[in-house]
Amino acid sequence: MKLVLATSNKGKVREIQALCEDYEVIPYRELMDEFEIIEDADTFKDNALIKARAVFDALEDKDVIVMADDSGISVDILGGAPGIYSARYGGENANDRENLKKLMNDIKSKGVGSSPAFYTAAIAIVTKKSERTVHGWMHGTALAQSRGEGGFGYDPMFVPLGYDKTLGELSNEVKKKLSHRSKALSLAKKILKTL
Ligand code: ITT
C-alpha cells in the first residue's frame, strides 16, 4: 500500500520508513515540489491534520493515503515549552542544532542540570473518505547538555525513562521500541489495515 508522507523532516522520514516496512512510504517531495504549509493550530493533532490535508489536496491522485506527523518536546521546568513550537524554538528558521542549544540554555538558566520532559507525536491519516488521528508519548529527562550524535532534533539531550544514556547515544533499535512516534504508528497501523 502506498503511503504519502506530508513531511519535509528527513529524521521523521527515516524513522517512519523503518517502522512501516510493509508499506511503500513516499515523502511528498518525491511527487511534487516542496511547498510551505502554515501550521497555525494550537494542538499537535490539528497541526498534523493541517499538514496531511494540505498534501492530500495538492495531489492529483486521490486514491492515496496521506500521513503527517506533528511532534515536539515538552519540558516541565519550562512550563511545557517548547511543545508545539519545538520546530522553531531557536528562531523562525532555526535548525536542529540551534533549537537544541536554546533548549539546553533555557534549562541551564533555571539553575538546574535537567528536568522531567516528554515527547508527543500526533499522526494524522487523510484519505478521500476519512480523517483520523492518533497520538504517542515518550517520557524521560531533558538534560542541559548534549551527548551523542544519533537520532535527530532534541535526541542528544533526551534520556528516556529507565535508561542512563541519551537518544543520541542509544541505538536506533532502542528508540524504535520506545518512541512517541513508534507508539503513535502502532495505533496508526491498526487504522491503515481498515482502509
Ligand atoms: P514537518 O512539519 O515537515 O513534518 P518539522 O521538523 O517542522 O517537519 P514539526 O513541526 O512536527 O516537524 O516539529 C517537530 C520538532 O520537534 C522538530 O524540531 C523536531 O526536530 C523535534 N522532534 C520531533 N520528534 C522528534 C524526535 O523523535 N526526536 C528529536 N526531536 C524530535
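Checking each residue in the range 1-12 for being more than 9 Å from the ligand (Cβ to nearest atom) and open to solvent by less than 80 Å² (accessible area, probe 1.4 Å) picks out LEU3, VAL4. For the range 112-125, the criterion of being out of contact with any Leu (no Cβ under 7 Å at 6 or more places or on another chain) and aromatic (Phe, Trp, Tyr) is met by at least one residue. Taking every residue in the range 148-176 that is more than 19 Å from GLY136 (Cβ to Cβ) and open to solvent by less than 20 Å² (accessible area, probe 1.4 Å) and pairing it with any residue that is among the polar types (S, T, N, Q) and away from the ligand (no atom under 11 Å from the Cβ), at least 6 positions away or on another chain, the pairs with Cβ-Cβ distances below 6 Å are PRO156/SER146; MET157/SER146.
Within the option set ILE84, ILE73, ILE50, being modelled with pLDDT of 95 or more, assigned to a strand (DSSP E or B), β-branched (Val, Ile, Thr) and within 12 Å of the ligand (Cβ to nearest atom) holds for one residue only, ILE73.
Residue by residue, here is whether (1) buried (at least 18 other Cβ atoms within 10 Å of the Cβ); (2) among the hydroxyl-bearing types (Ser, Thr, Tyr) holds:
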site	(1), (2)
ARG14	no, no
ILE38	no, no
LYS51	yes, no
ILE65	yes, no
ALA68	yes, no
SER86	yes, yes
ALA94	no, no
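Of all the criteria given as (1) within 22 Å of ALA48 (Cβ to Cβ); (2) out of contact with any strand residue (DSSP E or B) (no Cβ under 7 Å at 6 or more places or on another chain); (3) buried (at least 19 other Cβ atoms within 10 Å of the Cβ), the one not satisfied by LEU100 is (1). Can you tell me which residues in the range 112-144 are open to solvent by 70 Å² or more (accessible area, probe 1.4 Å) and either over 15 Å from ILE73 (Cα atoms) or modelled with pLDDT under 95 (or both)? LYS128, LYS129, GLU131, ARG132, listed by residue number.
The values are calculated or read from the model by the stated rules, or taken from the named source; none is laboratory data. These figures come from a predicted structure and were not determined experimentally. Here Cβ is always computed from backbone atoms with ideal geometry, including for glycine, and neighbour counts include all displayed protein chains. In case anyone asks, the SASA skips ligands and DNA or RNA and just uses the protein heavy atoms, side chains included. Shrake-Rupley method; radii C 1.70, N 1.55, O 1.52, S 1.80 Å.
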